[in-house]
1. Starting from the amide H of R32, placed 1.01 Å from N in the peptide plane, find each other amide H under 5 Å away whose residue is 5 or more places distant or on another chain.
2. Compute a Gaussian network model of the chain, connecting alpha carbons closer than 10 Å, and tell me which residue from D178, D122, D289 fluctuates the most.
3. Place a +1 charge on the Cβ of each Lys and Arg in the stretch 92-201 and a -1 charge on the Cβ of each Asp and Glu, then give the dipole magnitude about the Cα centre in debye, rounded to the nearest 20.
4. Under the definition of Cα pairs under 8 Å and six or more residues apart, what whole-number percent is the relative contact order of the chain?
5. Give the shape of the stretch 97-174 as rounded, prolate or oblate, defined through the alpha-carbon gyration tensor: a ≥ b ≥ c are the square roots of its eigenvalues, a/c under 1.5 means rounded, and otherwise the shape is prolate if a/b is larger than b/c and oblate if not.
6. With each label point set 7 Å from Cα along the Cα-Cβ vector, what nm distance links H326 and L260?
7. Would you mind working out the accessible area per residue for the stretch 184-328, using a 1.4 Å probe, and quoting it in Å²?
8. Does the stretch 1-143 come out rounded, prolate or oblate, given a ≥ b ≥ c as the square roots of the eigenvalues of its C-alpha gyration tensor, rounded meaning a/c under 1.5 and, failing that, prolate meaning a/b above b/c?
Amino acid sequence: MHTSTSPLVLAADVGATKTLLGLFEPAPRRPRQIAERRYETDPASTLDAIVMDFLQTAGQGHQVAAAAFGVAGPVVAQVAQLTNHSWTIDANRSSRILGAPVQLLNDVEALAYALDALDADDVLTLQAGKPRPDGTMAVIAAGTGLGQSQLVRVGGRPVACASEGGHADFAPRHAREDELVRRLRLQYGRATVEHVLSGPGLVHLHQLTHQDEPCSAATDDLDLAATVTAAGLERRCDRCHEALTLFVSAYASEAGNLALRALAAGGLFIGGGIAPRILPALQWPGFLDAFRDKPPMSSLLADVPVHVIVRPAAGLLGAAAAGQRHLR
């Protein structure tokens, strides 16, 4: 077992289906991970319960001096209700149990704190652009939902901004997306970005391209999004391929929107669970075409570096980077 006499940071990345916990030694640019464990986000348990279980197993002999938890939901007054789960997390309560300060962040806000800590092999570059070291960075992450954040510089110090941009309105760009929006409005009353750019969004696109007819490639109705991805990449089903193509184009367009809103001269990063699974599709020419297709700002977007985060558990690293700020 790793032993350390330095104060440690406890980090968590809390999602609707899984929760990652880790212990980190503070370091100037990139905290050093010494332990990690995955738990199911079980409605019958609590985050505090699995934190204590983790520390009793992986954390014996270590002193936790600070903690930061990235959670998949909005954080208000350091209390968070997960958007797609029943858990409510209270930083003050967790701090009393842990005996150390606890900070809650939105999960993509936590991911933004990882951007400065990523190494070259942690990302796949889609567009080199012309990066500015002092420029704002932005991250968009599609998975169970859709999250966005920015990493701005305040007095030279990086500060991540929380956002619920995934719940903003989805703006259709062409007739096929108009049709998608009409269907979403009938189902939900409105069409949000997350209704399109998420695992459920892939299902909505599958329903659009198949017009709710059976799909010969859909062998696993329990994970239809994964089926759409595999069949689309392998071109086993033309309508799945169209659904994936529509997804990639919409993802690129929303990434371009975020890059414009943030003036992301430091880079636009694509995170979340879906991106690593569709890497070949993100490298199709249509992705960067849709990303840049924002006249009169197309040349500005051509200068924005675009990277896909391929490092596993980058959100956990970001939470650790946020947590160690309390030790300074």
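1. Amide H neighbours of R32: E25, A27.
2. D178
3. Working: 12 positive and 13 negative charges, 72 e Å.
Roughly 340 debye, rounded to the nearest 20.
4. About 22 percent, as a whole number.
5. Working: a/c = 1.75, a/b = 1.14, b/c = 1.53.
In terms of gyration-tensor shape, oblate.
6. Label at H326, label at L260, 3.9 nm between them.
7. With the other protein chains kept in place, the stretch 184-328 gives 42 Å² per residue.
8. Values: a/c = 1.90, a/b = 1.29, b/c = 1.47.
The shape class here is oblate.
The values are calculated or read from the model by the stated rules, or taken from the named source; none is laboratory data. Remember, predicted model here, so these are calculated numbers, not experimental data. Cβ atoms come from the backbone with ideal geometry, glycine included; neighbour counts cover every protein chain shown. Each accessible area value is taken on the protein alone, full model and side chains, heavy atoms only, with ligands, DNA and RNA left out. Shrake-Rupley method; radii C 1.70, N 1.55, O 1.52, S 1.80 Å.
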